[in-house]
Amino acid sequence: MYDVMAIGNALVDHEYVLSDAALEETELTKGNMTLAEFEEQQQLLAYFKLAEIEPSKQAGGGSAANTMFTFASLGGKPFYACRVGDDDQGAFYLRDLHEAGVATSDKSIHEGGVTGSCVVAVTEDGERTMQTYLGTSSEIAADNVDFDALTQADWLYIEGYLAMSESIQPAMTQLRQQAGIHNAKIAVSFADPAVVKFAKDGLLNMLGNKVAVIFCNSEEARLFTDKKQVKAAARALLEYCQIAVVTDGANGAVIAHQPNDEAEVEVHDVATPAVANVIDTNGAGDNYAGAFLYALSQQYSLPECGRLASEISAQVIQQFGPRLASHDYRDIAQRVLSA
């Protein structure tokens with residue numbers, strides 16, 4: 001029995017710290033994710049080498065994987081479907097998840113495939129900008145999904161980046177149908193502004209008639225709904241979900257809730273803990289979703305879910321890399337949820 005089954009792109013993160021001027025030289029859009037071919041990523045890495053910018057960290061990544069790492073570290077039981085190669089990077093990636101308590105399947109391993117990688121450029125303000133070579137993950141399809149795992153799960157969590165993958169769309173429809181048959185609730189993360197800009201149709205396919213939860217940040221919410229104000233955007237998202245969770249950095253988060261079409265809309269404001277020094281925002285939204293979903297699965301109130309998620313995200317952005325040590329998650333949960 002799993003608390004949640006998730007599906008997403010499997011990527012090994014390679015982090016670099018650089019100035020805004022150096023980032024401008026890459027021609028990447030600050031704060032966004034850009035898809036790249038293998039040769040393009042090699043050109044970017046060659047530029048870093050020429051500029052004597054050394055990598056600061058290598059870690060398992062991928063949006064949904066980070067979310068499930070958080071979920072497992074807090075004590076939940078997640079299953080993760082993805083697609084990696086049978087190479088050293090793929091072995092590293094799956095081993096990292098298993099050690100954290102995230103279950104996977106051999107269906108995720110593609111013989112002869114190259115595991116995807118993500119170059120994460122972190123500027124001095126802590127903003128993360130990503131260039132992603134999906135590798136074999138670009139061909140993730142129904143064959144990589146253990147549909148039986150969903151029959152044992154209470155939740156289905158879908159990473160928004162998959163809206164950009166044509167090969168997974170038939171499986172996405174099948175997953176939504178199976179979730180309905182087995183009464184599994186669905187949560188969708190928009191993942192990145194680029195997803196909303198360039199793959200909104202794919203997101204709409206994920207959302208179907210309606211899902212239980214949408215996770216997004218304020219920029220993604222505004223792009224998706226065409227609303228300028230965060231609260232208005234959160235309310236507008238309720239056309240597609242029962243709970244809309246919209247994060248807005250230091251301004252906190254807005255949680256809008258409407259359990260059914262006849263019910264009144266509840267709106268909760270959740271403050272963000274003060275952070276003196278933002279080092280790296282990579283993984284902040286992923287951790288927020290994982291912590292929120294864990295608390296929700298344990299029947300905590302929406303404000304309590306938001307407080308736990310905010311505390312964990314605030315800790316994540318004060319270090320390099322998208323994941324905390326497992327004991328840090330538990331310590332934060334004990335402090336926040338027992339208060």
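The values are calculated or read from the model by the stated rules, or taken from the named source; none is laboratory data. None of these values were measured; they are calculated from a predicted model. Every residue, glycine as well, gets a Cβ built from its backbone with ideal geometry; the counts of neighbours run over all protein chains shown. Remember, those area values only see protein heavy atoms, side chains included, never the ligands or the DNA or RNA. Shrake-Rupley method; radii C 1.70, N 1.55, O 1.52, S 1.80 Å.
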Quick shape check on segment 97-248: root eigenvalues a ≥ b ≥ c of the Cα gyration tensor, a/c under 1.5 is rounded, otherwise prolate if a/b tops b/c, else oblate, and it reads oblate
Result for segment 147-276: accessible area per residue, probe 1.4 angstrom, in square angstrom, of 45
Filtered hits (lysines, Cα-Cα < 25 Å from LYS107, offset >= 8 within chain) -> LYS77, LYS185
Ranked output for segments 218-228, 7-17, 116-126 by mean other Cβ atoms within 10 Å, highest leading, reads 7-17, 116-126, 218-228
Simple SL model, points at 7 angstrom along Cα→Cβ for ALA263 and GLN43; separation in nm is 5.1
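Does the chain come out rounded, prolate or oblate, given a ≥ b ≥ c as the square roots of the eigenvalues of its C-alpha gyration tensor, rounded meaning a/c under 1.5 and, failing that, prolate meaning a/b above b/c?
On the way: a/c = 1.42, a/b = 1.18, b/c = 1.21.
Note, shape of the chain comes out rounded.
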Per the rule of 0.36 nm per residue minus the C-alpha distance, extending LEU204 to GLU24 adds in nm 61.5 nm
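For the chain, what is the mean residue ellipticity at 222 nm derived from helices alone (per DSSP H run of n ≥ 4: -39500 (n - 2.57); sum divided by total residues; nearest 500 deg cm²/dmol)?
Working: 13 runs with 133 residues, N = 339.
Calculated at 222 nm, the ellipticity per residue is -11500 deg cm²/dmol.
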Filtering the chain for DSSP H helices with an axial alpha carbon extent of at least 15 Å and a Kyte-Doolittle mean of at least -1.0 returns 38-50, 63-73, 88-100, 169-181, 284-297, 302-316, 326-337
Excluding residues fewer than 8 positions from LYS49 in its own chain, the lysines with Cα under 21 Å of it are LYS30, LYS57
For LYS228, the lysines lying under 16 Å Cα to Cα, once residues fewer than eight places off in the same chain are dropped, come out as LYS197
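Carbon and sulfur together cover what percent of the accessible area of segment 1-152 at a 1.4 Å probe radius? Spell out each step's value before the answer.
Values: 2880 of 6350 Å².
Accessible surface attributable to carbon and sulfur in segment 1-152 totals 45 percent.
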